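J.: Have a look at this one.
The values are calculated or read from the model by the stated rules, or taken from the named source; none is laboratory data. Just so it is clear, the model here is predicted, and its values are computed rather than measured. Here Cβ is always computed from backbone atoms with ideal geometry, including for glycine, and neighbour counts include all displayed protein chains. All accessible areas refer to the heavy atoms of the entire protein, side chains included, with ligands and DNA or RNA removed. Shrake-Rupley method; radii C 1.70, N 1.55, O 1.52, S 1.80 Å.
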Amino acid sequence: MSSLKEQIKKAKKHPVMKEAKYVDYDKDGRAQIYVGLREADEFFSPYSYLTYELMNEQVADYIDTCASGIPVNDEITIDIHTEETTSNEEKQRIRKAVKRHNAEKVVILKEKLRRKTTFGLVWLIFGLALLFLEIIFHLSDYGAIGMLIDVAGWVFAWDGLEILISDRRTLKRQIIRCYRLINAKVHVKKYSQKIQRDYGIGDYYEEDEE
């Protein structure tokens, strides 16, 4: 039986690793995300309504997953293919839903960022205050109590720093990705006849014989 190290080495050379890193670009240098639907209505949440249409959660997660593998500095094009012909009105609905979904995510993420910043600062200041008190009053000479205050001070201070540096950086990257999707070009088109024929969809679909 091969060792774990050998398995990892073999996996690194597997063709799927190259495929996972591959990004398709259009003629304008924009990274492309491909979405396949049967009809335009599948793009929207079944719980939304015409005056406030939201993206289908599964479609949104799919686009977010695809976008997460694209370098942050790259602009994006979202190519949505449907089996049925999509009207211009439906295309506009889809484009609006993409922008609305990501704009609302930005609002939520910014609120999380604000709370994280406040929380991190409070923990950092409280931790530094405990350490300062420990130094000023030489609480370490008081045995277990001094040691407890010293440990608590470092825990609060380091947790506060981690929130301010790591957690905030993660949220900022998510906000940038949302802005990028808001600015993405969204194309909605029907599958080409070749794709329909090759994959047996649309007018070329045939029922299996019993």
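J.: Can you name the number of the only condition in (1) without any contact (Cβ under 8 Å) to a residue 24 or more places away in the chain; (2) in contact with a helix residue (DSSP H, G or I) (Cβ under 6 Å, 6 or more places away or on another chain); (3) of a type in the set (S, T, N, Q) that Thr86 fails?
T.: Here Thr86 meets the rest and fails (1).
J.: Going through segment 89-112 one residue at a time, which ones are of a type in the set (A, V, I, L, M), open to solvent by 50 Å² or more (accessible area, probe 1.4 Å) and in contact (Cβ under 8 Å) with a residue 40 or more places away in the chain?
T.: none
J.: Which one of the conditions (1) open to solvent by 100 Å² or more (accessible area, probe 1.4 Å); (2) modelled with pLDDT of 85 or more; (3) more than 18 Å from His101 (Cβ to Cβ) does Glu83 fail to meet, given that it meets all the rest?
T.: (1) is the only condition that Glu83 fails.
J.: Here is a follow-up. If a residue has to be open to solvent by 50 Å² or more (accessible area, probe 1.4 Å) and under 17 Å from Val107 (Cα atoms) to count, how many in segment 159-174 make the cut?
T.: The total comes to 6.
J.: Tally up the residues in segment 35-79 that are within 19 Å of the chain's Cα centre (by Cα) and either surrounded by 12 or more Cβ atoms within 10 Å (Cβ to Cβ) or on the phi > 0 side of the Ramachandran plot (or both), please.
T.: 23
J.: Considering each residue of segment 1-56, count those that are assigned to a helix (DSSP H, G or I) and either at pLDDT 85 or above or of a type outside the set (A, V, I, L, M) (or both), and give that number.
T.: Adding up the residues that qualify gives 14.
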